[in-house]
Amino acid sequence: MKIVFMGTPEFAVPCLNEIIDKHEVLAVVTQPDRPKGRGKKLSAPPVKEKALFHDIIVLQPLKVRDEKFIEEMKVLNPDYIVVVAFGQILPKELLDIPKFGCINVHASLLPQYRGAAPINWCIINGESITGVTTMYMNEGLDTGDMILKSEILIEDKTADQLHDELSAEGAKLLDETLNLIEMGRAPREKQIDSQSSYAPIMNKNLGNINWQKSAESIRNLIRGVIPWPSAYTTYKGEKFKVWKAEVQLKIDNDTPGKIIEVNNQGVFVCTGDGILVIKEVQFLNSRRMTVDAYLRGHEIEEGAILGE
């Protein structure tokens, strides 16, 4: 197969690795280099770095609707375009270029969690199972006919842990999908739109803990926004991040956000339903550490209200 691969972040790299040795990769299309870090130095996307390592042509259009880019793709004349976490919606003119269509790897069990951040939102919403889906692309947002699915248990995983597992599973599923396509045996199943849900792009404010919610809901949020934007609250007006917490199913009718106990096991906080035990924190200009380690040099007062 002659393939053009379109992808940008680390999530897409295993899929690119999977097809490099088994197919002819005509080119890799990725997002432009972006400023990164405190120095705002231009940084190449992980997919670009991998492509250059293998001496593959790299294209970085600002917009895939650009006529010049469309013409470049027509000249390449791929059998397939494989898209994994690319970051732009492909127009019909581009979707129509490959001889046999465009294949996408999406990190959810479609039609659930269409959109930009399925890994995060499935954890935030308290799902127990997620997975990866391969599909034929159309002009909609993750609405194309499905090919294969693979399920993964979420359990107590954080978003970064689930990201790595789904990324590896996606590469395996892509390989199986392409093999079935070559043999003419790939299934095709339409999505039921009425069963769909949406996973919108995240923003920095998403991690702001609302103590009126249940302890379980807050714990899901904490797990779902690691490593970015990360969960946070305030203690006496000072913002700090919460990296790890556990739920204590103790009934308490005290004020949500109130610290009712502090010891080397954690900070026990009332919520709208249950007690949340904060286990790992990170205050401003400090490193991430356990509450036990933090208390060796700092004090956290019982009775204080978090988030005020």
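If you run the Gaussian network model on the chain, springs between alpha carbon atoms under 10 Å, then out of 90, 249, 141 the most flexible one is 249.
Report, in whole Å, the centroid distance computed from the Cα atoms of the range 156-177 and the range 57-92. Centre-to-centre distance over Cα atoms comes out at 24 Å. Shown here for the range 90-170: trypsin sites (Lys or Arg not before Pro) in loop regions (DSSP other than H, G, I, E, B) with at most 15 other Cβ atoms within 10 Å, namely 99. Counting only DSSP beta bridges whose two residues both lie in the chain, roughly 65 percent are antiparallel. Of the residues 117, 215, 44, the one that moves most in a GNM of the chain with alpha-carbon contacts below 10 Å is 44. Relative to the longest principal axis of the Cα atoms of the chain, helix 159-183 runs at roughly 20 degrees. With both residues required to sit in the range 151-270, DSSP beta bridges show an antiparallel share near 90%.
Here the alpha carbons of the range 1-92 define both size measures, Rg and Dmax, at 13.0, 42 Å. When you filter the trypsin sites (Lys or Arg not before Pro) in the range 168-232 for DSSP loop state and at most 13 other Cβ atoms inside 10 Å of their Cβ, you are left with 185, 188, 190. Which angle from 0 to 90°, rounded to the nearest 10, does the C-alpha axis of helix 67-76 make with the longest principal axis of the chain? Once rounded, one gets 60 degrees. Considering only 17, 285, 208, the mean-square fluctuation computed in a Gaussian network model of the chain, springs between alpha carbons under 10 angstrom, is largest for 285. All Cα-Cα separations within the range 2-199 were binned at 10 Å from zero, giving a P(r) of 9, 36, 38, 16, 2, 0, each value a whole percent of the pairs. Please determine, in degrees from 0 to 90 and to the nearest 10, the orientation of helix 215-224 with respect to the longest principal axis defined by the Cα atoms of the chain, where the helix direction is its Cα long axis. For helix 215-224, the angle is close to 40 degrees.
Straight-line cross-link reach from residue 236 at under 26 Å between alpha-carbon atoms covers these lysines, not counting any fewer than eight positions away in the same chain: 204, 213, 244, 250, 258, 279. Applying the criteria of a DSSP loop state and at most 12 other Cβ atoms within 10 Å to the trypsin sites (Lys or Arg not before Pro) of the range 52-87 yields 63.
Bear in mind that the values in this text are calculations on the coordinates, not laboratory data. It should be emphasised that the depicted structure is a prediction, and the values quoted were computed from it without experimental measurement. Because the Cβ atoms are built from the backbone with ideal geometry, glycine has one as well, and the counts that use them run over all protein chains shown.
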